[in-house]
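All remarks here apply to the structure that follows.
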Protein chains: 2
Amino acid sequence: MVACIADKWSLWTMSVIAEYRRPMRFSRIMENVAVISQKSLTKTLRGLERDGLITRKVFAEVPPRVEYAITPLGAEMLNNVAPLWLWVAKSVHRFQGARAAFDGRSV
Amino acid sequence: MVACIADKWSLWTMSVIAEYRRPMRFSRIMENVAVISQKSLTKTLRGLERDGLITRKVFAEVPPRVEYAITPLGAEMLNNVAPLWLWVAKSVHRFQGARAAFDGRSV
DNA sequence: CGGGATCCAACCGGATACTG
DNA sequence: CAGTATCCGGTTGGATCCCG
């Protein structure tokens, strides 16, 4: 549990919902998380909801409408992940350098 | 790549090596990461070495000796992960609360 | 539209056995 | 001691079909 940090899609999905700044529908989320399959998105959203990071609101309409939104806990988590994410982005070249050296040394 | 953050064992392994503050042998690492299998530890260490987060030094002795140590990049990464880790630890009860509410509501 | 159900390939990680 | 090699069950995630 709380796999939302390590999970392949969770952080990306959360940031998409958070940046939208208003309730977001399933299909719109799927557009923005791009290559995710609908099965994985469903599973990811359920997990996030389960952990209290997003809310899920179903409207009894035809066609159905379901809206997702970030919770305070979710927003707080994103804020806490941000610094690390920025550091990684800033340091990517160092990882790549190390990787290249490693791969090259045994040629 | 740079899966070292999401990976199941990488962070734990890194922190064990870092806290040891001197070169650490394979078997000692395995003792401290407790339940890890030796296969997974080997794979984890190789990945960390590949990303430049730890060093691996092999001594031509019998029996063999291999020593691992944290690199500056590795130490820096741990420092950047620490705040998030602390926040998660501090907030675990909130996740648990959300989880309990979610599980209980559909009974 | 927002899924659920099913099938399937790929991968992960543990257990065990063997080795230089 | 520090791995490598093999097997194997469980999970992940995509693709497809169906449904209210």
Put the label 7 Å from Cα along Cα→Cβ for B:GLU61; what are its distances to the other copies, in nanometres, shortest first? 7.2
What list of ³J(HN,Hα) values in whole Hz, one per residue of segment B:93-100 in order, does the Karplus curve 6.51 cos²θ - 1.76 cosθ + 1.60 (θ = phi - 60°) give from phi, with Gly and Pro shown as x? 4, 6, 4, 4, x, 4, 4, 4
Percent accessible area from carbon and sulfur atoms, chain A, protein chains only, probe 1.4 Å: 57
Which net charge results when you count Lys and Arg as +1 and Asp and Glu as -1 among the other residues whose beta-carbon is under 12 Å from that of B:LYS43? +2
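On average, how many beta carbons from a partner chain sit within 10 Å of the beta carbon of a residue in B:46-59? Before the final figure, lay out each step's value.
Working: counts 1, 0, 0, 2, 6, 6, 9, 2, 0, 0, 0, 0, 0, 0.
Mean number of neighbouring Cβ atoms from other chains: 2.
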Compute the angle between helix A:10-20 and the longest alpha-carbon principal axis of chain A, please, reported from 0 to 90 degrees and rounded to the nearest 10. 60
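Give me the net charge of A:LEU73's neighbourhood, meaning all other residues with Cβ under 15 Å from the Cβ of A:LEU73; Lys, Arg count +1, Asp, Glu -1.
Here the count lands on +2.
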Would you mind computing Rg(Cα) / (2.2 N^0.38 Å) for the protein assembly as shown, counting N as its residues? 1.22
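So how much slack lies between A:GLN38 and A:TRP12, counting 0.36 nm per residue of separation and subtracting their Cα-Cα distance, in nm? Show your work: numbers first, answer last.
Working: separation 26, 0.36 × 26 = 9.36 nm, distance 1.46 nm.
This chain segment gains 7.9 nm when fully extended.
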Per the Kirkwood formula over distinct C-alpha pairs, the hydrodynamic radius of segment B:36-81 in angstrom is 11.5
Quick check: Cα centre of segment A:1-65 to Cα centre of segment B:37-74, how many Å? 38
To the nearest 100 Å², how much accessible surface do chains B and A cover up together, summed over both, with a 1.4 Å probe? 2700
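When 1/r is averaged over all different Cα pairs and the result inverted, which Kirkwood radius in Å belongs to segment A:2-104? Please list the in-between numbers first.
On the way: mean 1/r = 0.0666 Å⁻¹.
Across segment A:2-104, the inverse of the average 1/r is 15.0 Å.
What is chain B's relative contact order, in percent, from Cα pairs under 8 angstrom and six or more apart in sequence?
Values: 88 pairs, mean separation 26.3, N = 107.
Relative contact order for chain B comes out at 25 percent.
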Filtered hits (aspartates and glutamates, Cα-Cα < 17 Å from B:LYS43, offset >= 8 within chain) -> A:ASP103, B:ASP7, B:GLU31, B:ASP51, B:GLU67
With +1 on the Cβ of every Lys and Arg and -1 on the Cβ of every Asp and Glu, the dipole magnitude of chain A about its Cα centre, in debye rounded to the nearest 20, is 140
Using Cα atoms only, what is the angle between the long axis of helix A:38-50 and the major principal axis of chain A, expressed in degrees (0 to 90) to the nearest 10? 80
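The values are calculated or read from the model by the stated rules, or taken from the named source; none is laboratory data. All values reported here derive from a predicted model rather than from experimental measurement. Quick reminder, even Gly has a Cβ in these numbers, built from the backbone with ideal geometry, and neighbours come from all protein chains shown. When the accessible area is computed, the model is the full protein with side chains, heavy atoms only, and any ligands, DNA or RNA have been set aside. Shrake-Rupley method; radii C 1.70, N 1.55, O 1.52, S 1.80 Å.
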